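To keep things clear, I will list the structure first and then write my remarks on it.
The values are calculated or read from the model by the stated rules, or taken from the named source; none is laboratory data. Because the structure is a prediction, the values reported are computed rather than measured. Ideal geometry is used to build each Cβ from the backbone, glycine not excepted, and the neighbour counts take in all protein chains shown.
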């Protein structure tokens, strides 16, 4: 049980003690315990390393202990390092080495060579084009990144409040309690230009100022952790890897606006994030950083976690609020705005995970520092989830205004297998496609808006030359239609009609007028849907129509240019090489192949179901799909 802190001086004393304890650890083994590496077996690696340290009688600690002996080995479960393609990952401190694709059988060698003798195991270090990169910061994937929100992920024990405090955690909150009044805090956030990282990019300081200036018997701080975009995992990784940073950001917001309660809304599909947030909140309560009369300041604040059932629409703040209140997650018409009449009808500050995670650094380093990152009107950094047909998948953080080319080629390493880049879907189902002509476009809120796209929560799904863009549009429309809450007709019925048209097109049953109908339905939904999610639902279709119209036309004409759409494939028999062995006819489940023995056979395309069974049995390689 942790001793409750009752004053600022006690917090300062604890920080000094845990910093000293951290310095006494001669070597630190930071095992990635983010969801990706956990799925790859990293927790088994953590357990095995702990067992080996015990077997060898080496002094080690799995928790930061104030009275720990000198020369101990610290073994820790840290957050996501970001380089998910190379997991499971293990960082070695103080050398800064990063071991990649670590296996259970590597553990004994790691203890014997790296821990006991201080040697680098080269075969576990990242290697590219014959060059070995032992240090994490030297790896090209990390070279162009600027990690602010993610600075602790992969560097500290994700489950320890003491380690967070040792890294100057809660210093910003401490300053807000004792040195800076609420007006100054709000001014700093406004001057920093911090914009919401959840999608719309609305200035956070304006929300805070509005709530601060309202008179109310109760105010709330709300953290939106309902990240539901396909291919997005930024907020999840922050909650898993640095939960105290999010909590501190909420605490600062609460102190600034006069709120006494906070809620974090996390989807239940993020069990690890929920577990670590719960543990972090309990630790903060034990230390007296949450609860009544925090550090003797007279300020009261506590945080609750609400788990969502995974409804995409609950990422929209009014639907999220309805869900917390025990109602069905339906969005509501605004005004009144959430900041005026939000959770339980009271003034509420709604921001997402990444937005709050920026706040401690802004308070500690100042608005001017934050403005020095990024581009004019788009301060700071942005975390992106880089996925799809790209060499280096993972979690990245770059200054606002970084170009798509830098992300795709310098950080991502280009498309997998040397394929040619075709497009990237940015912003998930609410976003749009960027193409080769946008490679030098700065990725910030304003530049993307000009080309009909949005940053959204930060998902980047990379597509190469082999990707069918009509199928991409169908995939995202299918997702949106399934996730529509059904409250308003434009979204409920409009997305359904759009999906039906797209499904016809990829099945080879499209009509020339379908393209214009899709465009008209898109405009109708955008102009009449109730909430932001409905209004952005047609974006993937609109952007693919704008940049890849010829692919739609080709599908309607009967061919998929990339050969991906199964029902548009044509299975053909080469009459020059077919020997008439009849094996293909016998294998065809629908009797689409006819012909006489020892004579070339033919396929009836009206009967063919494109199962390709005939291709697999042909001994002469005479059958192929096109």
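Limited to the stretch 456-471, what total is found for residues that are within 30 Å of residue 554 (Cα to Cα) and either at pLDDT below 90 or outside any loop (DSSP other than H, G, I, E, B) (or both)? First the steps, then the outcome.
Here is the first cut: in the stretch 456-471, the residues within 30 Å of residue 554 (Cα to Cα) are 459-471.
Those still in the list that are either at pLDDT below 90 or outside any loop (DSSP other than H, G, I, E, B) (or both) too: 459-464, 469-471.
The number of residues fulfilling the criteria is 9.
Looking only at the stretch 390-429, how many residues end up being more than 22 Å from residue 136 (Cα to Cα), within 14 Å of the chain's Cα centre (by Cα) and in a loop (DSSP other than H, G, I, E, B)?
1
Can you name the residue in the stretch 1-37 that is surrounded by 14 or more Cβ atoms within 10 Å (Cβ to Cβ) and in a loop (DSSP other than H, G, I, E, B) and, of all such residues, is nearest to the chain's Cα centre (by Cα)? Talk me through it step by step, then tell me what you get.
Going residue by residue through the stretch 1-37, those that are surrounded by 14 or more Cβ atoms within 10 Å (Cβ to Cβ) are 2, 5, 8, 10-11, 14-15, 17-19, 21-22, 24-37.
Still in the running and in a loop (DSSP other than H, G, I, E, B): 2, 5, 24, 33-34.
Numbers: 2: 33, 5: 35, 24: 35, 33: 16, 34: 12 Å.
Applying the filter and picking the extreme gives 34.
In the list 344, 312, which residue meets the criterion of being surrounded by 19 or more Cβ atoms within 10 Å (Cβ to Cβ) and more than 30 Å from residue 419 (Cβ to Cβ)?
Working: 344 fails: surrounded by 19 or more Cβ atoms within 10 Å (Cβ to Cβ).
Every option except 312 fails the conditions.
Considering each residue of the stretch 292-309, count those that are more than 13 Å from residue 264 (Cβ to Cβ) and surrounded by fewer than 16 Cβ atoms within 10 Å (Cβ to Cβ), and give that number.
Residues meeting the conditions: 7.
If you go through the stretch 310-356, how many residues are closer than 21 Å to residue 248 by Cα and free of Cβ contacts under 8 Å to residues at least 24 places away in the same chain?
Result for the stretch 310-356: 0.
Kindly provide the set of residues from the stretch 472-487 that are at positive phi and part of a helix (DSSP H, G or I), ordered by number. Even if it seems obvious, please write down each step before you answer.
Going residue by residue through the stretch 472-487, those that are at positive phi are 486.
Selection gives nothing.
Consider the stretch 413-433. How many of its residues are touching a residue at least 60 places away in the same chain (Cβ under 8 Å) and over 22 Å from residue 312 (Cβ atoms)?
Within the stretch 413-433, the first condition is being touching a residue at least 60 places away in the same chain (Cβ under 8 Å), and the residues that meet it are 413, 423, 425, 427-433.
After this cut, where a residue has to be over 22 Å from residue 312 (Cβ atoms) as well, the list is 413, 423.
Qualifying residue count, the stretch 413-433: 2.
Can you go through 398, 349, 353 and tell me which one is surrounded by fewer than 24 Cβ atoms within 10 Å (Cβ to Cβ), touching a strand residue (DSSP E or B) at 6+ places or on another chain (Cβ under 8 Å) and modelled with pLDDT of 95 or more? Explain how you work it out, then say what you get.
Numbers: 349 fails: surrounded by fewer than 24 Cβ atoms within 10 Å (Cβ to Cβ); 353 fails: surrounded by fewer than 24 Cβ atoms within 10 Å (Cβ to Cβ).
Answer to the selection: 398.
If a residue has to be over 18 Å from residue 411 (Cα atoms) and surrounded by fewer than 24 Cβ atoms within 10 Å (Cβ to Cβ) to count, how many in the stretch 449-467 make the cut?
Within the stretch 449-467, residues that are over 18 Å from residue 411 (Cα atoms) and surrounded by fewer than 24 Cβ atoms within 10 Å (Cβ to Cβ) number 8.
From the list 62, 66, which one is touching a strand residue (DSSP E or B) at 6+ places or on another chain (Cβ under 6 Å), in the same structural domain as residue 88 (by TED's automatic domain parsing), modelled with pLDDT under 90 and over 13 Å from residue 110 (Cβ atoms)?
Answer to the check: 62.
Give me the helices (runs of 4 or more DSSP H) completely within the stretch 488-607, filtered to those with at least 1 residues that are crowded, with 17+ Cβ neighbours inside 10 Å and under 30 Å from the mean Cα position of the chain (by Cα), ordered by residue number. Even if it seems obvious, please write down each step before you answer.
On the way: elements: 489-506, 514-528, 532-536, 539-547, 549-557, 583-587.
Fully inside the stretch 488-607 and qualifying: 489-506, 514-528, 532-536, 539-547, 549-557.
Is there a residue in the stretch 202-222 that is within 29 Å of residue 78 (Cα to Cα) and at pLDDT below 95?
no
Can you name the residue in the stretch 46-64 that is touching a helix residue (DSSP H, G or I) at 6+ places or on another chain (Cβ under 6 Å) and either assigned to a helix (DSSP H, G or I) or touching a residue at least 24 places away in the same chain (Cβ under 8 Å) (or both) and is also surrounded by the fewest Cβ atoms within 10 Å (Cβ to Cβ) among such residues? Give the steps one after another, and end with the answer.
First, the residues of the stretch 46-64 that are touching a helix residue (DSSP H, G or I) at 6+ places or on another chain (Cβ under 6 Å): 48-49, 52, 60, 64.
From what's left, either assigned to a helix (DSSP H, G or I) or touching a residue at least 24 places away in the same chain (Cβ under 8 Å) (or both): 48-49, 52, 64.
Details: 48: 19, 49: 24, 52: 17, 64: 24.
Looking at the filtered set, the residue picked out is 52.
Which ones in the stretch 368-387 are over 23 Å from residue 79 (Cβ atoms) and in contact with a strand residue (DSSP E or B) (Cβ under 9 Å, 6 or more places away or on another chain)?
Restricting attention to the stretch 368-387, the residues satisfying the condition of being over 23 Å from residue 79 (Cβ atoms) are 368-369, 371-372, 374-379.
Correct list: 371, 372, 374, 375, 377, 378, 379.
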